[in-house]
Every structure is written in structure tokens, then in C-alpha cells.
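Before any comments, here is the structure.
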Amino acid sequence: MEIEFVALTELCNCYEIEPEVLEAFAEAGLIAPERRQDALYLAVDELPELESLLRLFLQLGLDLEGLDTVRRLRRQILTLQAHVSQLQYRLQQAESLHRKKWAVHVPG
């Protein structure tokens with residue numbers, strides 16, 4: 001599957017922001033644009049994250065450190081949610097096995 005890209009200049013026009021905003025995001029490691037030919041491009045699958053960062057930056061006025069902190073905390077939350085889901089599944093399996101085990105040993 002081929003990854004689709006969009007030029008940062010196009011994103012600046014679309015979101016009505018100055019190029020320096022995306023340059024600062026890139027320097028802070030918040031986005032990872034790739035150089036292709038003579039321009040910088042961002043993978044299309046990174047756009048939801050960029051839109052979220054832009055909302056926090058433009059509407060709430062978070063600085064780059066704040067954006068990085070929010071992004072890191074979101075990732076930790078997603079990791080913890082996945083871990084909780086895995087533990088819930090394992091608990092359900094253990095409870096099911098436990099019920100079957102006791103169902104066999106309980107006289108009817």
C-alpha cells in the first residue's frame with residue numbers, strides 16, 4: 001500500500017496558518033515531514049494528529065512543550081486502554097475456565 005502525502009504549503013493554505021507554525025511543529029518533533037523534490041510533505045495518515053495539535057495550539061494557546069505533553073499523555077492513555085482491554089479479556093477467559101472447572105466437579 002502506497003502512502004499518500006500532502007505538501008506543507010498546501011496544509012498552510014487549507015488551515016490558514018503561517019508556514020512557521022508547521023516548521024516549529026517539525027523542529028519540536030510534533031510532526032515528521034519528508035522532503036520530496038524541493039518541498040516538505042506530510043503523510044496523509046498524520047493529518048488527524050496535526051489537526052488535533054493545531055486545535056490545541058490555535059484555540060487553547062498551548063505552546064510547543066504543552067503540545068508535546070498532551071500528545072505524550074494521549075499515547076500513554078491509548079496504551080493503558082489497550083492494556084486494560086487485554087487484561088479484561090484474559091480475566092474473562094480465566095473466569096470461564098474457572099466456571100467450567102467447577103461445573104465438572106460440582107455434583108448434580
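All of the numbers you see were taken from the coordinates with simple rules; none came from a lab. Model, not experiment: these values are computed from the prediction.
Laid out as a table, the results:
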item: The stretch 13-108, relative contact order [Cα under 8 Å, separation at least 6], %; result: 15
item: Ellipsoid equivalent to the chain - semi-axes via the Cα gyration tensor, in Å; result: 47, 17, 10
item: Candidates 96, 85, 52: whichever shows maximal mean-square fluctuation once the chain is modelled as a Gaussian network with Cα springs under 10 Å; result: 96
item: Among 26, 94, 43, residue whose mean-square fluctuation peaks in a GNM of the chain (springs only between Cα atoms under 10 Å); result: 94
item: GNM flexibility winner over the chain from 35, 71, 55 (Cα, springs under 10 Å); result: 35
